[in-house]
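*Asks:* Let me give you the structure first, and then I'll get to my questions.
The values are calculated or read from the model by the stated rules, or taken from the named source; none is laboratory data. Bear in mind that the values here come from a model prediction, so they are computed numbers and not experimental data. Counting neighbours? That spans all protein chains shown, and the Cβs are built from the backbone with ideal geometry, glycine included.
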Amino acid sequence: MAKGDSVTELGKNETLTIYLNTGQTDQNGKPILARVTVNGLNPSAQEQAKYDFAYGLAGLTSKSVEGINLRTTTELGPIS
């Protein structure tokens, strides 16, 4: 495989990151956030299901949700 050859999509991967407020602040008064990352989400799942999953997971802690990020990556190939 070289530049200009036909490319195909080999698969998609999704990563969900939940930012949680620890209830503490840094020396500048900004909230300190904890980050929980979940890899391998099903890319075909509905966005609402992913959002609900994030809140469900955060519900296992005493921390409040400050943000939710979803990152989708696409693997291209073939690579030889």
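*Asks:* State whether the residues of region 20-32 include one that is within 24 Å of Thr73 (Cα to Cα), surrounded by 10 or more Cβ atoms within 10 Å (Cβ to Cβ) and modelled with pLDDT of 95 or more.
*Replies:* Yes: region 20-32 contains one or more residues that are within 24 Å of Thr73 (Cα to Cα), surrounded by 10 or more Cβ atoms within 10 Å (Cβ to Cβ) and modelled with pLDDT of 95 or more.
*Asks:* Another question, if that's okay. Which pairs do you get when a residue that is free of Cβ contacts under 8 Å to residues at least 60 places away in the same chain, found in region 15-26, comes within reach of a residue that is of a type in the set (Val, Ile, Thr) and not in a strand (DSSP E or B), reach meaning Cβ atoms under 9 angstrom, with the pair 6+ apart or on two chains?
*Replies:* Between residues of region 15-26 that are free of Cβ contacts under 8 Å to residues at least 60 places away in the same chain and residues that are of a type in the set (Val, Ile, Thr) and not in a strand (DSSP E or B), the close pairs are Leu20/Thr61.
*Asks:* In this structure, does Leu76 turn out to be more than 13 Å from the chain's Cα centre (by Cα), within 30 Å of Ser6 (Cβ to Cβ) and either among the hydrophobic types (A, V, I, L, M, F, W, C) or modelled with pLDDT of 95 or more (or both)? Walk me through how you get there before you give the answer.
*Replies:* Numbers: more than 13 Å from the chain's Cα centre (by Cα): yes; within 30 Å of Ser6 (Cβ to Cβ): yes; either among the hydrophobic types (A, V, I, L, M, F, W, C) or modelled with pLDDT of 95 or more (or both): yes.
Yes.
*Asks:* Going through Gly11, Gly40 one at a time, which residue ends up being surrounded by 10 or more Cβ atoms within 10 Å (Cβ to Cβ) and under 18 Å from the mean Cα position of the chain (by Cα)?
*Replies:* Gly11
*Asks:* Which ones in region 41-73 are under 30 Å from Lys3 (Cβ atoms) and touching a Pro at 6+ places or on another chain (Cβ under 9 Å)?
*Replies:* Thr72
*Asks:* Now a separate question. When region 40-65 is examined, which residues are found to be among the aliphatic types (A, V, I, L, M) and either assigned to a helix (DSSP H, G or I) or more than 30 Å from Leu10 (Cα to Cα) (or both)?
*Replies:* Ala49, Ala54, Leu57, Ala58, Leu60, Val65
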